[in-house]
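Participant: This is the structure I want to talk about, given as structure tokens.
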Amino acid sequence: MWLLYAILSAVFAALTSILAKAGLDGVDSTLATALRTVVVLIMAWGIVFLTGKQTGIANIAQKSWLFLLLSGLATGLSWLFFYKALQLGEASRVVPIDKLSVVLSMLLAFAFLGEKADWKSIVGGILITVGTVVLAL
């Protein structure tokens with residue numbers, strides 16, 4: 001199931017970029033990010049309550065709270081910078097650079113989560129990086 005969810009994530013991430021670029025016409029990027037965030041907030045909490053998962057809040061450990069809050073801050077900064085880049089640049093050039101996050105995530109997973117780097121991940125990371133450079137030129 002993880003593969004299906006990952007593919008759906010990629011499809012909706014692509015739609016996010018294109019819809020955002022289309023919606024940024026005449027709208028400040030920070031305001032656009034805030035509006036997007038409200039929609040995400042309402043949708044996420046709606047799903048939490050529809051599935052009855054809100055009772056799990058009491059079981060979240062302090063360490064998890066810390067990392068989830070830091071992740072939220074990183075997400076907010078990522079979205080703010082992404083929307084500003086989209087507002088100023090072409091989506092076909094901004095999005096590939098943004099997707100360098102794949103390579104950075106892999107490196108961080110190897111360094112901090114102890115995940116193993118095999119030849120496929122190394123070659124894939126190099127190809128993503130080279131492809132990004134070519135697309136960004």
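The values are calculated or read from the model by the stated rules, or taken from the named source; none is laboratory data. This one's a predicted model, so the numbers in the text were calculated from it and none came from an experiment. Using ideal geometry, Cβ is built from the backbone for each residue, glycine included, and neighbour counts are taken over all protein chains shown.
Participant: If you take the residues in the stretch 59-113 that are of a type in the set (D, E, K, R), in contact with a helix residue (DSSP H, G or I) (Cβ under 8 Å, 6 or more places away or on another chain) and farther than 21 Å from LEU35 by Cα, which one is surrounded by the most Cβ atoms within 10 Å (Cβ to Cβ)?
Facilitator: If we take residues in the stretch 59-113 being of a type in the set (D, E, K, R), in contact with a helix residue (DSSP H, G or I) (Cβ under 8 Å, 6 or more places away or on another chain) and farther than 21 Å from LEU35 by Cα, then LYS99 is surrounded by the most Cβ atoms within 10 Å (Cβ to Cβ).
Participant: Identify the residue in the stretch 114-136 that is of a type outside the set (A, V, I, L, M) and loosely packed, with under 12 Cβ neighbours inside 10 Å and, among all such residues, is nearest to LEU19 (Cα to Cα).
Facilitator: LYS120
Participant: Right, here's the next one. Restricting the search to the stretch 79-137, which residues are within 27 Å of PHE67 (Cα to Cα), of a type in the set (D, E, K, R) and part of a helix (DSSP H, G or I)?
Facilitator: Of everything in the stretch 79-137, those that are within 27 Å of PHE67 (Cα to Cα), of a type in the set (D, E, K, R) and part of a helix (DSSP H, G or I) turn out to be LYS84, ASP98.
Participant: What number of residues in the stretch 5-24 are over 21 Å from LYS84 (Cα atoms) and either among the aromatic types (Phe, Trp, Tyr) or surrounded by 14 or more Cβ atoms within 10 Å (Cβ to Cβ) (or both)?
Facilitator: Number of matching residues: 1.
Participant: Look through THR30, THR75 and report the one residue that is more than 28 Å from LEU113 (Cβ to Cβ), of a type in the set (Ser, Thr, Tyr) and not assigned by TED's automatic domain parsing to the domain that holds PHE112.
Facilitator: Testing whether each residue is more than 28 Å from LEU113 (Cβ to Cβ), of a type in the set (Ser, Thr, Tyr) and not assigned by TED's automatic domain parsing to the domain that holds PHE112 leaves just THR30.
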